[in-house]
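What follows is a single structure, written as structure tokens, with notes after it.
The values are calculated or read from the model by the stated rules, or taken from the named source; none is laboratory data. Model, not experiment: these values are computed from the prediction. We place every Cβ from the backbone using ideal geometry, glycine too, and count neighbours over all the protein chains shown.
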Amino acid sequence: MNILSPSILSADFAILGEQVKYLEEKGVPWLHIDVMDGNFVPNISIGLPVIQSIRKISNMLFDVHLMIDDPIRYIRDFSDAGADLITFHVEAAKDPAAVIAKIRECGKKVGISIKPGTPVSAIESYLGDVDMVLVMTVEPGFGGQSYMPDCEAKVSALRSMIEERELPVDIEVDGGINKDTIDRSIASGANIFVAGSAIFKNDIAANIEIFNEAFAKAEK
Ligand code: DX5
Ligand code: ZN
């Protein structure tokens, strides 16, 4: 099943709670929360207190994307703050297996992510231990960038591996997903779609509808 995970990086933080509630009322199941540390990526976003606050007003699945160095240091904190799924970058972890084990110990779903320049081979050996792979379709750090079609080959390769091994692993894409790129990203083999600017710019309800229609068309 195809799932939309709106990224609150593009939300209006002055009315974040209202916007999160609105998405939930519209039936959006997941919420993508980008955490940036100014080291792993050249930007700083939001952290624990914001997640704690919105956790109180939402039952959506909190899809927390950690763009931080040495993520194992903060897994327990993000789990306690209300994350349901914690995704870390393989490039940022000294020992990816230890990070996976830590997220499991916290009882949360595990995601592992690769940047555009990182090959699938960097995560292949972890596929049996994670719930989701996040293939970045832009360089992580900022919303509103252009989709990198080159990344589709990695999504397709992962989809083949997952099917061949019959693994229950989702493939998420993040970066530049909008009305012009959603169809091709579905076709490439992804099933979880992060969208920031394409959801929060202009009319949120109309934007959600564009994704729902693309999903319905693909499922026909
Ligand atoms: C970028 C973040 C994305 C970002 C996507 O590093 O991981 O989640 O919010 O923004 P859009 O959808 O505008 O490309
Ligand atoms: Zn993200």
Discussion item. Condition first: out of contact with any Leu (no Cβ under 6 Å at 6 or more places or on another chain), in contact (Cβ under 8 Å) with a residue 12 or more places away in the chain and either assigned to a loop (DSSP other than H, G, I, E, B) or of a type in the set (Lys, Arg) (or both). Now tell me which residues in the range 181-220 satisfy that.
Written reply: Thr181, Arg184, Gly189, Ala190, Asn191, Lys201, Lys217
Discussion item. For the range 168-177, give me each residue that is touching a helix residue (DSSP H, G or I) at 6+ places or on another chain (Cβ under 6 Å) and more than 20 Å from Ser197 (Cα to Cα).
Written reply: Val169, Ile171
Discussion item. Asn43 - would you say it is more than 16 Å from ligand 2 (Cβ to nearest atom) and either at pLDDT 95 or above or among the basic types (Lys, Arg) (or both)?
Written reply: no
Worksheet item: Do the conditions hold for Tyr126, that is, is it among the aromatic types (Phe, Trp, Tyr) and in contact with a Lys or Arg (Cβ under 9 Å, 6 or more places away or on another chain)?
Response: no
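Would you check if Ile15 is closer than 22 Å to Ile204 by Cβ and within 11 Å of ligand 1 (Cβ to nearest atom)? Give the derivation first.
Details: closer than 22 Å to Ile204 by Cβ: yes; within 11 Å of ligand 1 (Cβ to nearest atom): no.
Here the answer is no, as Ile15 does not meet what is asked.
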Practice prompt. Would you mention how many residues in the range 123-153 are more than 16 Å from ligand 1 (Cβ to nearest atom) and surrounded by 15 or more Cβ atoms within 10 Å (Cβ to Cβ)?
Written response: 6
Worksheet item: Arg104 fails exactly one of the following numbered conditions: (1) part of a helix (DSSP H, G or I); (2) in contact with a Pro (Cβ under 9 Å, 6 or more places away or on another chain). What is the number of that condition?
Response: (2)
Discussion item. Just to be sure I understand the filter: pairs with C-beta atoms under 8 Å, separated by 6 or more residues or on different chains, first member in the range 91-111 and on the phi > 0 side of the Ramachandran plot, second member at pLDDT 95 or above. Which pairs pass?
Written reply: Gly107/Ser79
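Quick check on the range 42-52. Is at least one of its residues closer than 24 Å to Ala198 by Cα, part of a strand (DSSP E or B) and in contact with a helix residue (DSSP H, G or I) (Cβ under 9 Å, 6 or more places away or on another chain)?
Just the residues of the range 42-52 that are closer than 24 Å to Ala198 by Cα, to begin with: 42-47, 50-51.
After this cut, where a residue has to be part of a strand (DSSP E or B) as well, the list is 44.
Adding the requirement that they be in contact with a helix residue (DSSP H, G or I) (Cβ under 9 Å, 6 or more places away or on another chain) leaves none.
Taking every residue of the range 42-52 in turn, none turns out to be closer than 24 Å to Ala198 by Cα, part of a strand (DSSP E or B) and in contact with a helix residue (DSSP H, G or I) (Cβ under 9 Å, 6 or more places away or on another chain).
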Worksheet item: For the range 176-183, does any single residue satisfy the condition of being within 14 Å of ligand 2 (Cβ to nearest atom) and either farther than 21 Å from Leu61 by Cα or of a type in the set (Ser, Thr, Tyr) (or both)?
Response: yes
Worksheet, complete the sentence: Those residues of the range 81-91 that are surrounded by fewer than 20 Cβ atoms within 10 Å (Cβ to Cβ) and within 19 Å of Asp131 (Cβ to Cβ) come to a total of 3
